[in-house]
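S.K.: First the structure, then my questions, so here it is.
The values are calculated or read from the model by the stated rules, or taken from the named source; none is laboratory data. Note that the structure is a prediction, hence the values are computed from the model and not measured. Reconstructed Cβ throughout: ideal geometry from the backbone, glycine too, with neighbour counts over all protein chains shown. Each accessible area value is taken on the protein alone, full model and side chains, heavy atoms only, with ligands, DNA and RNA left out. Shrake-Rupley method; radii C 1.70, N 1.55, O 1.52, S 1.80 Å.
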Amino acid sequence: MSGEPVIPTFCETGAGLLLCVVDLIHQSVPKSVWDMQRLKESFGNRTVPMILADGDVMAFGPCPDRTLVASAVLRQHGIRPTIVYHERRVPGFGPSTAHIAMEIDLGGRTWMMDFGSRETRLIEGGYYYNPDVEETLALERFDLMDMDLDLMDITPNNIFGLVATENIDMERKFEHYAKQARKFSKHIIEDRLALDKSHSVYYEL
């Protein structure tokens, strides 16, 4: 049908395929800084076609949109990623927040694909975090394709609505994002890729 997004299929396999997916996400939906009006209207409320049509994601919280698009691309290759929902609180770093990432099994190996605000991580192994730094409020894993959901027709907020607790106050989150936007560094819109834990800016976390 005219106007529908074309989800590309790559020839690579294994880690090479995952690198192609990450590169596609970085190229197709770069990070940008949004004003409060767009935050309230668009954050978490766009489907894959809408995200691709707009051509960007919110710099301070890119994981919902980028994970949804990457999931659609992986599905095109017959890969079923496990979505990791991590609701957490970092003392002294603003209100409680929700983060999503993916665990991907390929050829007997597991990879974490995580589109964070400071960098993207494509690291062999499962999803990890430092419990000494992050207080976990909820940690769930699920397969969207087991839930009779059309990846092209759902939004990140549809996903969050399945697992989110009452700890997330979106008005406080929007205010936090708006505060970050007023004093952001240009580095926040750059894309950095970490392929090893020790080279990650999140290593100490």
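S.K.: Label N45 and L24 with points 7 Å out from Cα along Cα→Cβ: what is the distance between them in nm?
M.R.: 2.8
S.K.: Mind jotting down the distance between the C-alpha centroids of region 26-46 and region 147-198, whole Å?
M.R.: Going from one Cα centre to the other spans 10 Å.
S.K.: Would you kindly state how much longer the chain becomes between R38 and A178 on full extension, computed as 0.36 nm times their sequence separation minus their alpha carbon distance, in nm to one decimal? Let's see the in-between values first.
M.R.: Values: separation 140, 0.36 × 140 = 50.40 nm, distance 1.06 nm.
So the chain would gain 49.3 nm between R38 and A178.
S.K.: Regarding region 138-204, what is the average projected area of its C-alpha convex hull, in nm²?
M.R.: For region 138-204, the mean projected area of the Cα convex hull comes to 7.3 nm².
S.K.: For M170 and E124 in the same chain, what is the full-extension length gain: residue separation times 0.36 nm, less their Cα-Cα distance, in nm? Please report the intermediate quantities before stating the final value.
M.R.: Details: separation 46, 0.36 × 46 = 16.56 nm, distance 3.24 nm.
The span from M170 to E124 would gain 13.3 nm if fully extended.
S.K.: Dipole of region 98-205, Cα-centred, from +1 at each Lys and Arg C-beta and -1 at each Asp and Glu C-beta, to the nearest 20 debye?
M.R.: 700
S.K.: Please build a GNM for the chain, connecting alpha carbons under 10 Å apart, and tell me which residue among V22, V48, V163 fluctuates the most.
M.R.: So, out of V22, V48, V163, the one fluctuating most is V163.
S.K.: Still on this structure, I have one more. Counting other C-beta atoms within 10 Å, and keeping those with at most 16, which DSSP coil trypsin sites (Lys or Arg not before Pro) do you find in region 171-205? Let's see the in-between values first.
M.R.: On the way: sites: R172, K173, K179, R182, K183, K186, R192, K197; in loops: K183, R192.
Loop-located and lightly packed - K183, R192.
S.K.: Based on the Cα atoms of region 128-173, what semi-axes does the equivalent ellipsoid have, where each is the square root of 5 times one gyration tensor eigenvalue, given in whole Å with the largest first?
M.R.: 24, 16, 9
S.K.: Taking the alpha-carbon set of the chain, what are its Rg and Dmax in Å?
M.R.: 16.1, 50
S.K.: If you rank Y129, Y85 by how much accessible surface each has, with a 1.4 Å probe, what is the order from largest down?
M.R.: Numbers: Y129 70, Y85 0 Å².
Listed by decreasing accessible area, they come as Y129, Y85.
S.K.: So if each residue of separation counts as 0.36 nm, and I subtract the Cα-Cα distance between D148 and L195, what length gain in nm does that give? Write down the numbers at each step before the final one.
M.R.: Working: separation 47, 0.36 × 47 = 16.92 nm, distance 3.25 nm.
Between D148 and L195, full extension yields an extra 13.7 nm.
S.K.: Just the accessible area for H77, please: 1.4 Å probe, Å², rounded to the nearest 10?
M.R.: 40
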